[in-house]
Ligand code: UDP
């Protein structure tokens, strides 16, 4: 049986595809290549199309013996979601509805979902536990929460079991050097800092230094993308063994401020990396740090690449070798 990976040509999706292939799984990828890269798909069968296109999904499900889906395909930029929420509702929420309807039609009853810490909003306490209040502060997080809730009702009505993985901040690149982070436009802190180190940008902007944190900049929990990928494989295994629906946080449990990230990147790269403080970005909570105890206990997840120096080091290796991302492939 094959695992369908939607959005498998994207940053985290491509690392999950790599992890599945490393374990000898049959992989089918569905991606519209709006943000994904063909060269990021290291194996399996790639279908290019959109989840909102019913004929396209009929081809994918009709042409392959799929027993589980890992669902990444979505828009994922906080800033953009605040300017164009309709795009997020259409692609993320409606796209997921189309996918779940087809899963139901083809009798596929296992889905692992790429969710986010943005579902919590401003946390009540840190580290964040899965039972904490979910009150998103941005439209992106709101759509991901809506997608999770939709899955809950498809479980109730149709027995489609889901594992929702709420990631904190993904960073780093695959150890092979073959795949890494390449968004266009790039908005994420770690790749932007490293592009500054490469001289591609004059400085890194620090979005606000008046948050209620020690140095005034936002604190995030950075997790290696390959550790995230491993959690998806474990989640598929759990569902195949008959496990019920569940939600898990994925993070290292340790927070780093924007200024600390820039400092570590300076040490890793040996470059200057000029930084300029600017105003806050809309929708950003001050602190997001995970408690991933549940994922460790119930999935047996054991993130091993957890030093931020090493996470940024692996990203730096990718950016140095591919300064224009997949255009260098
Ligand atoms: N950030 C920043 N400058 C940038 C990009 C991001 O200061 O050019 C900050 C952002 O406000 C947030 C943190 O870095 O506090 C991580 O942002 P990113 O977009 O990487 O991930 P997110 O937390 O939105 O998932």
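In the chain, the longest principal axis of the Cα atoms and the axis of helix 308-321 are about 80 degrees apart. In the chain, the DSSP beta bridges split such that about 5 percent are antiparallel, to the nearest 5. With a simple spin-label model that places each label point 7 Å from the Cα along the Cα-to-Cβ direction, the separation between residue 176 and residue 2 comes to 1.8 nm. Highest mobility in the GNM of the chain, judged by mean-square fluctuation with C-alpha springs under 10 Å and restricted to 74, 275, 30, is found for 275.
Rounded to the nearest 10 degrees, the inclination of helix 139-158 to the longest alpha-carbon principal axis of the chain is 20 degrees.
Stretching the chain fully between residue 125 and residue 90 yields a gain of 9.4 nm (0.36 nm per residue, less the alpha carbon separation). Shape analysis of region 5-77 yields a ratio of the Cα radius of gyration to the Kirkwood radius, Rg/Rh, of 0.93. For the chain, the alpha carbon convex hull comes to 118 Å³ per residue, rounded to a whole number. What is the angle, in °, between the Cα long axis of helix 11-22 and the longest principal axis of the Cα atoms in the chain? Nearest 10 is fine, range 0 to 90. That works out to roughly 60 degrees. Quick check: from the Cα gyration tensor, does region 120-220 come out rounded (a/c under 1.5), prolate or oblate? Note, shape of region 120-220 comes out oblate.
Remark: relative contact order (the chain) = 20 percent; criterion is Cα-Cα distance under 8 angstrom and separation of 6 or more residues. Packing-based ranking of 213-219, 135-141 yields 135-141, 213-219, ordered from highest to lowest mean Cβ neighbour count within 10 Å. For the peptides 196-204, 320-328, 234-242, residues were scored by their other Cβ atoms within 10 Å and the scores averaged per peptide; the highest-first order is 234-242, 196-204, 320-328.
Give me the distance between the Cα centres of region 1-57 and region 240-318, rounded to whole Å. Each part's Cα centre sits 24 Å from the other's. Once the Cα-Cα distance is subtracted from the 0.36 nm per residue extended length, the residue 282 to residue 135 segment shows a gain of 51.4 nm.
Model label points for residue 101 and residue 294, set 7 angstrom from Cα along the Cα-to-Cβ axis, are 3.0 nm apart.
For the options 131, 288, 145, a Gaussian network treatment of the chain with springs between C-alpha atoms closer than 10 Å singles out 131 as fluctuating the most. Principal axis extents of the C-alpha atoms in region 51-97 (largest first, rounded to whole Å): 39, 19, 12. Each Cα pair under 8 Å and six or more residues apart adds its sequence gap; the mean of these over the residue count of region 179-256 is a relative contact order of 24 percent.
Pull up the DSSP beta bridges for region 28-174 and report the antiparallel fraction as a percent, rounded to 5. Bridges in region 28-174 are about 0 percent antiparallel. Shown is the FRET efficiency for residue 157 and residue 272, computed with R0 = 56 Å from the Cβ-Cβ distance and rounded to the nearest 0.05: 0.50. Estimated from the Cβ-Cβ distance and a Förster radius of 25 angstrom, the FRET efficiency linking residue 183 and residue 309 is about 0.65. What the pair-distance distribution of region 219-318 shows, using all Cα-Cα distances binned every 10 Å from zero, is 14, 37, 30, 14, 4, 0 percent.
The alpha carbon gyration tensor of region 61-132 gives principal lengths a ≥ b ≥ c with a/c of 1.5 or higher and a/b no greater than b/c, which makes the shape oblate.
Give the residues of region 86-118 whose amide nitrogen is closer than 19 Å to a point set 7 Å from the Cα of residue 53 in the direction of its Cβ. The answer is 90-103, whose backbone nitrogens lie closer than 19 Å to the label point. Taking all Cα pairs closer than 8 Å and separated by 6 or more residues, the relative contact order of region 1-108 comes to 29 percent.
Since every read-out is calculated from the coordinates, none of them should be taken as a lab result. Please read these numbers as outputs of a predicted model, since none were measured by experiment. Here the Cβ is made from the backbone with ideal geometry for all residues, glycine too, and neighbour counts use every protein chain on show.
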